Amino acid sequence: MRILLAIMVVCFTTMIVSLTVSILKRTVVGSSQNPNLPHVVVLDLNGVIYTSNTFIKNIEAIGENKMSKAVVIRINSPGGVVGPSQEIYESIKSLDQKIPVIISMGSLAASGGYYAALGGRKIFANPGTLTASIGVIMEFINTERLLDWAKVERYAIKSGRLKDIGNPSRKMLPEEKLFLQSLLDDVHVQFRKEVQNRRHLTDAELNEIADGRIMTGAQAKKAKLVDALGGYQEAVKEAKALSGLNEQAPVIIKAPSKGLIKDLLLGDSDEEESRFDRLFNALFNLSDYISGSAHSRILYLSAQF
């Protein structure tokens, strides 16, 4: 009973704090700017990229608003799952065909975060921004010895020789390693191709940097991976210049609400995935991973930028 009471107190306190933060954020953000005037939109891409749904919906909404004359996408992301990263990249590139899209890299815009940045018309990075990391990775564990020590027997019944690839209860076979390597190599080729096409690099220039290494913004500038060194303010100024807006034009922070209650329970409206969904999916995938479902295990340990 005491534990239940303590949990209720923690939940109540968290809700009160979240409510206060939400009200303050909504009071401050966008209150001094008029969205009915021609303006620049600022859209954040934060955290590990697990899904692209919310971001793409925001991009589509911006493209449909005739008062949105340019966009600054502020990226603070270490990358993430391949498919959503590619979808975000395509959505940014598509929007840039309508209005200028400027990328502003924050502290980190690496791997899938850099992939997404390629969709913009111009990329700004701080000298100390960590970026690039043009590579793909997939990690596995082998618990065979641990299970032997615990005297745990394990079985896998499958219809194809590669169906339980990545099974943590046994060593990976050479043919399985070759298959997974070919999978990652194919995705890496896709990544390299977009970098080369969007950044206009020669084969020699690309080969020198596309080995998964991370770079500072200053190094990335020398390697032609970003266009200019500068922060958020420089990116906004460039967006206004490219769109023909004056320096006093409004800057609107894109933060559409799902509703106050949903925001409190499911997380901030500009998150890529709600807290509830993220927790549920993590627990679901982890339980499947432990139980030995090969398909879910590959999803859980999917190739990542």
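The values are calculated or read from the model by the stated rules, or taken from the named source; none is laboratory data. Every value quoted in this text rests on a predicted model; they were computed, and no experiment measured them. Cβ: placed from backbone, ideal geometry, glycine included. Neighbour counts: every protein chain shown.
Values computed for the structure shown
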quantity	calculated
Number of the exception - residue 109 against (1) part of a helix (DSSP H, G or I); (2) crowded, with 24+ Cβ neighbours inside 10 Å	(1)
Criterion (surrounded by fewer than 21 Cβ atoms within 10 Å (Cβ to Cβ), β-branched (Val, Ile, Thr) and more than 26 Å from residue 176 (Cβ to Cβ)) met by exactly one of 92, 99, 73, 59	99
Leading residue by the ranking (surrounded by the fewest Cβ atoms within 10 Å (Cβ to Cβ)) among those in the range 196-218 that are free of Cβ contacts under 8 Å to residues at least 40 places away in the same chain and part of a helix (DSSP H, G or I)	204
Any chance residue 43 is modelled with pLDDT of 60 or more and either assigned by TED's automatic domain parsing to the domain that holds residue 249 or farther than 17 Å from residue 93 by Cα (or both)	yes
Residues that are of a type in the set (A, V, I, L, M, F, W, C), in contact (Cβ under 8 Å) with a residue 60 or more places away in the chain and surrounded by fewer than 12 Cβ atoms within 10 Å (Cβ to Cβ), drawn from the range 143-178	156
Unmet criterion (only one of (1) assigned to a loop (DSSP other than H, G, I, E, B); (2) at pLDDT 95 or above; (3) of a type in the set (Lys, Arg)) for residue 193	(1)
Subset tally (residues that are touching a residue at least 40 places away in the same chain (Cβ under 8 Å) and more than 11 Å from residue 132 (Cα to Cα)) for the range 219-233	6
Residue within the range 107-122 that is over 20 Å from residue 193 (Cα atoms), assigned by TED's automatic domain parsing to the domain that holds residue 166 and in contact with a Ser or Thr (Cβ under 7 Å, 6 or more places away or on another chain) present	yes
Filtered residue count, the range 186-195, keeping only those that are under 22 Å from residue 223 (Cβ atoms) and surrounded by fewer than 16 Cβ atoms within 10 Å (Cβ to Cβ)	3
Number of positions in the range 128-142 that are surrounded by fewer than 16 Cβ atoms within 10 Å (Cβ to Cβ) and either under 20 Å from residue 83 (Cα atoms) or out of contact with any strand residue (DSSP E or B) (no Cβ under 7 Å at 6 or more places or on another chain) (or both)	5
